[in-house]
Every structure is written in structure tokens, then in C-alpha cells.
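A.B. asks: Quick one: structure below, then a few questions.
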Amino acid sequence: MKGLSDGRFQKTIAFRPASDRRHPEPKKNYGIRGLNIYFALKGPKGAVTFTLYTGWMLPHVINEWMMADPKVDRFHYKPMPAGLDFHKPRLLVDSANVTVKECEWLDGAPCYCGGSVTASDEVFELFLYYGEEAIWRYLRGYYDEVFNEDDG
């Protein structure tokens, strides 16, 4: 996890490794996941995050897929924007937010979170054109939008 402090706001980039947690017993099968990257901006009222699924799988998983289907290209798996989310330390507006008992973005405190997968497409496009700094600018605007709603 890479933390970058910015006055009242803390920027964090976290990487979650790829995994292969398949199991023959369905109740123990947690599937396959590629490496994920999280950009989190934490401020005094809570945090906002952008999630990027890289599509980068473990080498043995790619090899297995290539053996099963020779048309599979090991470079075929592409990044996918997977979430633009907020994390509030308390529920301020009645909504269908999900409660997280230990939110990593709020130092392990419980949070109410919500967001959108489709809204993350815009962040991803800005990232492609303008780089990492575009993510932080977008997250700061999103933070202000989400948390200023609570002040009204």
C-alpha cells in the first residue's frame, strides 16, 4: 500500500494480488481473481475509492486457459474499471448503503458504502489520457460532491 499525504487528505494506492482459490467443494470454491488496484482518497469526513481490475491472472491460470483453448492470448486480458465508491463512517441519509464492519479505508472502523461501477468508466478514461493525477483530481471532486450532500 502506497500512502501519499496531501494536507487534510491522504492518498493511498493499494494492490491486491491475483489469486486462485478454486476448490472442488462448491462451498469452499472462491474462484479466480486477477490483480486489482485501488486508489483511495481519505479526508476528515470519510473516503472515496476507484477500483481497477487489471485482468492480470496468475501464470498457471493463463497457461491452463491456453491449454484448454489455443485461441486464448495470454495478453488478451485487459484492465476494467470496477467501481467508484464512497465510505462514510456513519449513515447520514436513509438509503440502501451496505454496512462494512471493518473498512480498510477508514482505518478498520465500520462504514456505510455505496457507489457505481458505471461511473468508474469516466475515471478510467481520464486515467488513460492524463495519468494518475487525473484520478486524484476526480476523486477530490467526488469526495466534495458526496460529503457536501451531508451538510445540506
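The values are calculated or read from the model by the stated rules, or taken from the named source; none is laboratory data. Keep in mind that this is a model prediction, so the values were computed, not measured. Here the Cβ is made from the backbone with ideal geometry for all residues, glycine too, and neighbour counts use every protein chain on show.
A.B. asks: For the range 37-55, how many residues meet the condition of being charged (D, E, K, R) and in contact with a Ser or Thr (Cβ under 9 Å, 6 or more places away or on another chain)?
C.D. replies: 1
A.B. asks: Can you say whether VAL93 is of a type in the set (A, V, I, L, M, F, W, C), modelled with pLDDT under 90, out of contact with any Phe, Trp or Tyr (no Cβ under 7 Å at 6 or more places or on another chain) and part of a helix (DSSP H, G or I), as far as the supplied structure shows?
C.D. replies: no
A.B. asks: Give the range 108-144 a look and list any residue that's part of a loop (DSSP other than H, G, I, E, B) and modelled with pLDDT of 95 or more, or say none.
C.D. replies: GLY131
A.B. asks: Next question. Right, PHE147: hydrophobic (A, V, I, L, M, F, W, C), on the phi < 0 side of the Ramachandran plot and either at pLDDT 90 or above or assigned to a strand (DSSP E or B) (or both) or not?
C.D. replies: Yes; evaluated as a whole, the condition is true for this residue.
A.B. asks: Could you list, in sequence order, all residues of the range 107-126 that are among the aromatic types (Phe, Trp, Tyr) and either free of Cβ contacts under 8 Å to residues at least 40 places away in the same chain or surrounded by fewer than 12 Cβ atoms within 10 Å (Cβ to Cβ) (or both)?
C.D. replies: Across the range 107-126, the qualifying residue is only TYR112.
A.B. asks: Can you name the residue in the range 103-130 that is charged (D, E, K, R) and under 19 Å from LYS45 (Cβ atoms) and is also farthest from the chain's Cα centre (by Cα) among such residues?
C.D. replies: Within the range 103-130, the match that is farthest from the chain's Cα centre (by Cα) is ASP107.
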